[in-house]
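The values are calculated or read from the model by the stated rules, or taken from the named source; none is laboratory data. Because the structure is a prediction, the values reported are computed rather than measured. Using ideal geometry, Cβ is built from the backbone for each residue, glycine included, and neighbour counts are taken over all protein chains shown. Surface areas here come from the heavy atoms of the whole protein model, side chains and all, with no ligands, DNA or RNA. Shrake-Rupley method; radii C 1.70, N 1.55, O 1.52, S 1.80 Å.
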Amino acid sequence: MKRYDFHIIAMWEAKSQGRTEFVYVIRWLDEATMKRQWSRFMSDPEWDRIKKESAQEHGEMVGRIEERVMLLTSYSNPIEYGR
């Protein structure tokens, strides 16, 4: 992810119904950059190899991947980046 300029702000685990979800909040310069870098990451041969090797050793760990573009509202508390 670092290779593709992912700036991870926070990570969460959500456990429910016998599964674990990982949620990453990533800061991007703009939506076009996000789409371009995400596409490059998802087609990276090394990432594909890592997923396959991990699945062979530990079982399938990467299931459905969803992306959402979130915009901070004017009434939100400010976000402190870089913590």
Query raised in the report: With respect to the numbered conditions (1) open to solvent by 90 Å² or more (accessible area, probe 1.4 Å); (2) under 25 Å from ILE79 (Cβ atoms); (3) in a helix (DSSP H, G or I), which one is the sole condition not fulfilled by PHE22?
Result: (3)
Report task. Consider MET1 carefully, then state whether it is modelled with pLDDT under 85 and open to solvent by 60 Å² or more (accessible area, probe 1.4 Å). Result -> yes
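Among the residues of region 1-34, which ones are small (Gly, Ala, Ser) and touching a residue at least 24 places away in the same chain (Cβ under 8 Å)?
none
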Report summary line: Looking across region 35-83 at residues that are in contact (Cβ under 8 Å) with a residue 12 or more places away in the chain and in contact with a Phe, Trp or Tyr (Cβ under 7 Å, 6 or more places away or on another chain), the single one that is farthest from TYR4 (Cα to Cα) is GLU67
**Report entry** Residue match in region 43-56 (condition: modelled with pLDDT under 90 and open to solvent by 100 Å² or more (accessible area, probe 1.4 Å))
**Finding:** yes
